[in-house]
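The values are calculated or read from the model by the stated rules, or taken from the named source; none is laboratory data. Predicted model only: the values in this text are computed from it and were never measured. Cβ coordinates were reconstructed from backbone atoms using ideal geometry, including for glycine residues, and neighbour counts include every protein chain displayed.
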Amino acid sequence: MDRQLSVHFRLDEFLRSRHYPAIAARMRPTQREIYRLRLLCHTVLEPIREYVDRPITITSGFRSLELNSKLRGSSRTSQHLYGEAADLVIAGCDLLDVFGFAVRLPNAYQRILYLTSTTVARPRFMHLSIVPSAVDKVPLLALKHSGRYIPCTVDGWLEKYREICRHS
Ligand SMILES: [Zn+2]
């Protein structure tokens, strides 16, 4: 499968798993899931790609139930199961800066910056999602630290981030 989802993203980039490549190779997203991935690319990932002007690496895109169940700490109702979410890293880019851009994008539902307990000052990756079918859902903007979600606001997330850094 090598279908183009948008200018800079292909379907196969969303069908990988570093730790479970054999399971990932068995994944067959439906047309509806592919449609949602395309929407995710157009509304969220392409604007970020344009902002950073360098390649974006999708570390986790679509997940089958089988793959999702293997991943530690993943939700059983994860949006990755529906083609509505992507985790990403960008080489040579300050994720804090990118997150600051992403939080102000319209049409996105969850935007979560993942921090680790050992290197809080260097966020590991970013989770972004859309909810095409549920417009009335409340957007969740959060930092994830040591397995815990810490909700924040568009204007207050950086202050919260610095607070976490000070206390760990
Ligand atoms: Zn994710």
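Please find, among ARG72, ARG49, the residue that is out of contact with any Lys or Arg (no Cβ under 8 Å at 6 or more places or on another chain), among the basic types (Lys, Arg) and within 25 Å of LEU158 (Cα to Cα).
Among ARG72, ARG49, only ARG49 is out of contact with any Lys or Arg (no Cβ under 8 Å at 6 or more places or on another chain), among the basic types (Lys, Arg) and within 25 Å of LEU158 (Cα to Cα).
Mind checking which residues of region 3-22 are of a type in the set (A, V, I, L, M, F, W, C), in a helix (DSSP H, G or I) and over 15 Å from HIS80 (Cα atoms)?
Just the residues of region 3-22 that are of a type in the set (A, V, I, L, M, F, W, C), to begin with: 5, 7, 9, 11, 14-15, 22.
From the residues that got through so far, the ones that are in a helix (DSSP H, G or I) too are 11, 14, 22.
ALA22 - this is the single residue of region 3-22 that is of a type in the set (A, V, I, L, M, F, W, C), in a helix (DSSP H, G or I) and over 15 Å from HIS80 (Cα atoms).
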Give PHE99, PHE125 a once-over and let me know the one that is in contact (Cβ under 8 Å) with a residue 60 or more places away in the chain and surrounded by 15 or more Cβ atoms within 10 Å (Cβ to Cβ).
PHE125
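For region 92-107, check the following and say yes or no: at least one residue is polar (S, T, N, Q) and on the phi > 0 side of the Ramachandran plot.
Let us first name the residues in region 92-107 that are polar (S, T, N, Q), namely 107.
Next, only the ones that are on the phi > 0 side of the Ramachandran plot stay: 107.
Among the residues of region 92-107, at least one is polar (S, T, N, Q) and on the phi > 0 side of the Ramachandran plot, which makes the answer yes.
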Which one of these is over 13 Å from the mean Cα position of the chain (by Cα) and without any contact (Cβ under 8 Å) to a residue 40 or more places away in the chain: ARG54, ARG49?
ARG54
First in region 130-144 and crowded, with 18+ Cβ neighbours inside 10 Å, second anywhere and at pLDDT 65 or above and among the acidic types (Asp, Glu), Cβ under 8 Å, 6 or more apart:
ILE130/GLU84; VAL131/GLU84
From the list GLU33, GLU84, GLU46, pick out the single residue that is surrounded by 15 or more Cβ atoms within 10 Å (Cβ to Cβ), touching a Pro at 6+ places or on another chain (Cβ under 8 Å) and not aliphatic (A, V, I, L, M).
GLU84
Can you name every one of the strands (runs of 3 or more DSSP E) wholly within region 76-168 that holds 1 or more residues which are of a type in the set (Ser, Thr, Tyr)?
110-115, 125-129, 148-151
